[in-house]
Amino acid sequence: MIFNPIVIDNWSRKPYFEHYLNNVRCSYSMTVNIDITLLLSELKHKGIKLYPALIHMITTVVNRHSEFRTCFDSEGRLGYWDSMSPSFTIFHDDDKTFSSIWTSYGENFNDFYNRYLDDMKMYGSVKQFIAKANEPPNTFPISSIPWVSFTSFNLNVYNEGTYLLPIFTLGKYFQQDKKIRLPISGQFHHAVCDGYHASMLYNELQSRADNYKEWLPNI
C-alpha cells in the first residue's frame, strides 16, 4: 500500500477542499436503490453470498477513483491511497451484537471471495468490536442493515469533520415493478467529492450489477 501526498497548491480541487473543510465543513449522504435482479439470480444459482459480492462491487468502484481514497494519514498529511480494502460489519444473531472484519481486496472476485470466506471462518464468531486485528490504514467502512429497506440513511461522525473517506450502509432488498432493488447509502465528505462523483459511483455500481458476467466466476 502506498500513500500519495497531495500538494494542495498544485491541486485543481484546492478552492473546493478549503471551502468545505474550513469555511462550511460538511458531509452529505446519498441513498440509491440498485437493481440487483439479474445479479441476485446469478448469485443464488452459483451459491455465492450476496454480502461479499456487494462489498467487492463497492470496493472495485472505490479503487477506480482517487476521490474516494483521499484522506489524512496518521501524520496529518492529505493524500490518497493507491488502493483500499473493505472493513465490514458482521452480525451475531445470538446476542444481537456486531463485529468488524477486514478482508484484503483484489479485483479478481474469486480470490477475494475465498479470502472473505476464510476470514469469516476464522473471525466470524469472535465477539469483539474489532474481530480481526491489525487492520491496515487503507481501509474504508461498509455495514449492512438487512432488516429494513430505507429510503435515506445519515451518519453523524463527530471527529471535527475531518474524516474524508466514504462510508457505505446496505439495506434490505425489496421487489418493485418486478425488479429486485437494494438500497445503498453512501456518506461522502464535500471537501473531496461532489454530487457528480457520488452519482458516478452509483452509476458504476449499477453497471457492475448489470454486467455481472464480466467479473463473477464461471462455476
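For the reader, a short list of remarks on this structure follows.
- Among the chymotrypsin sites (Phe, Trp or Tyr not before Pro) in segment 1-99, none sits in a DSSP loop with a Cβ that has at most 10 other Cβ atoms within 10 Å.
- Out-of-range pairs (alpha-carbon distance over 22 Å; input LYS44/LYS178; LYS44/LYS96; LYS46/LYS132; LYS96/LYS132): LYS44/LYS96; LYS46/LYS132
- With all protein chains modelled, accessible area of MET122 [1.4 Å, Å²]: 130
- Solvent-accessible area of segment 171-219 (1.4 angstrom probe, protein heavy atoms only): carbon and sulfur portion equals 45 percent.
- Remark: relative contact order (the chain) = 31 percent; criterion is Cα-Cα distance under 8 angstrom and separation of 6 or more residues.
- When Cα extents along the principal axes in Å is computed from the coordinates, the matching label among (i) 69, 39, 38; (ii) 52, 40, 33; (iii) 50, 35, 29 is (ii).
- With one equal scatterer per alpha carbon and no solvent term, the Debye-computed log10 I(q)/I(0) for segment 89-219 at 0.09, 0.13, 0.20 1/Å reads -0.33, -0.72, -1.59.
- Here is the list for segment 13-120: trypsin sites (Lys or Arg not before Pro) lying in DSSP coil, each with at most 16 other C-beta atoms within 10 angstrom of its C-beta, are ARG13, ARG25, LYS49, ARG64, ARG77, LYS96.
- Each stretch of four or more DSSP H residues adds -39500 (n - 2.57); spread over every residue of the chain, this sum gives -8500 deg cm²/dmol at 222 nm.
- Normalised contact order of segment 115-191, rounded percent, pairs of Cα under 8 Å and 6 or more residues apart: 27
- Assigned charges on the beta-carbon of Lys, Arg, Asp, Glu; the chain dipole about Cα centre (debye): 500
- Across q = 0.14, 0.25, 0.29 Å⁻¹, segment 1-58 modelled as identical point scatterers on its alpha-carbon atoms has Debye log10 I(q)/I(0) values of -0.71, -1.03, -1.16, in the order of the q list.
- Tensor-based shape of segment 47-127 (alpha-carbon gyration tensor, a/c under 1.5 rounded, otherwise prolate or oblate): oblate
The values are calculated or read from the model by the stated rules, or taken from the named source; none is laboratory data. None of the values given here were measured: they were computed from a predicted structure. Backbone-built Cβ (ideal geometry, glycine too); neighbour counts: all protein chains shown. For the accessible areas, the whole protein counts, side chains as well, though only heavy atoms, and no ligand, DNA or RNA atoms are used. Shrake-Rupley method; radii C 1.70, N 1.55, O 1.52, S 1.80 Å.
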